[in-house]
Amino acid sequence: MLNVLGIIYMTVGTACIAFYFLIGLYSRFGLSIQWIWLVAGAALIVAGLLTRAPLPRWLRYAWRIALICGMTLLAALLSLVISGMNATAPPGMDYLTVLGASVYADGPSPALTRRVNAVMNCLDQHPDAVIIASGGQGKDEPVSEAQCIRDELVKRGVNPKRIVMEDKSSKTLENLAFSKALIDRPDAAVGIVTNNYHIWRSMRLARRAGFTNAYGIAAEYTGPTLIHFMVREAIAILEGFLRGKL
């Protein structure tokens, strides 16, 4: 019979696996590193089954210490993600740079739709801002992310002459660096529009790309995939620190 700790491991592990299928159905199984929920779930279920096994004491302690350290690190990284989720910019930005996200065969992904919504919601605060639509075309995308952003904005009534496209980038740092090359003044005030979970890392990368007067504009993102995106951002932040990119 499983003890209390084993039951906890099994319950959380099963929840991780169920969450994998929930967000998979919600996102057409198109999310990057979605497999982490299967791996985490399987590891916890195995740990639960082994709580009654005659394992060496040192191995049990090593597992528990590793688990506690991992959860503490994840909590610290998630606190960084959360700290940027309500970012806004003061009125009167010179540019609004919209970072790209996935484009589906039938239109923008939910993440990209939210970014376009955020631009539309703040246009009155930045009436003279030039909009930079940023993002290249992935192998499974029908058009570039920049083109999709532009099309959606024009469809909603934005003057196409107000929009500049940067359609060569393939990751966030390139979004920012290539967009900066389109800005004519080094001191221009730039609002960087991206989803709330993506703000903290984007602003760190913006400084690396040379932005000196940039502000995050958080596009609200809710729904079952938010937790996945927050965890994915935490992993990306850790990778950025380890590789000296943040």
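Values computed for the structure shown
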item: Any hit, the stretch 115-123, residues being more than 23 Å from Ile227 (Cβ to Cβ) and assigned to a loop (DSSP other than H, G, I, E, B); result: no
item: Every residue from the stretch 150-199 that is β-branched (Val, Ile, Thr) and surrounded by 17 or more Cβ atoms within 10 Å (Cβ to Cβ); result: Val158, Ile163, Val164, Thr172, Ile183, Val190, Ile192, Val193, Thr194, Ile199
item: So Trp37, is it more than 29 Å from Asp187 (Cα to Cα), surrounded by 15 or more Cβ atoms within 10 Å (Cβ to Cβ) and at pLDDT 90 or above; result: yes
item: Positions within the stretch 120-149 being crowded, with 19+ Cβ neighbours inside 10 Å, in contact with an Asp or Glu (Cβ under 9 Å, 6 or more places away or on another chain) and either more than 15 Å from Thr194 (Cα to Cα) or not polar (S, T, N, Q) (or both), in sequence order; result: His126, Ala129, Val130, Ile132, Ala133, Gly135, Gly136, Ser144, Glu145, Ala146, Gln147, Cys148
item: Of residues in the stretch 54-96 being charged (D, E, K, R) and assigned to a helix (DSSP H, G or I), the one surrounded by the most Cβ atoms within 10 Å (Cβ to Cβ); result: Arg60
item: Options Ser27, Ser32, Ser102: the member that is assigned by TED's automatic domain parsing to the domain that holds Ala146, small (Gly, Ala, Ser) and modelled with pLDDT under 95; result: Ser102
item: Within the stretch 198-246, considering residues that are among the aliphatic types (A, V, I, L, M) and free of Cβ contacts under 8 Å to residues at least 60 places away in the same chain, the one nearest to Met85 (Cα to Cα); result: Leu226
item: Check on Gly157, without any contact (Cβ under 8 Å) to a residue 60 or more places away in the chain and on the phi > 0 side of the Ramachandran plot; result: yes
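The values are calculated or read from the model by the stated rules, or taken from the named source; none is laboratory data. It should be emphasised that the depicted structure is a prediction, and the values quoted were computed from it without experimental measurement. Glycine gets a Cβ as well: all are built from the backbone with ideal geometry, and neighbour counts include every protein chain shown.
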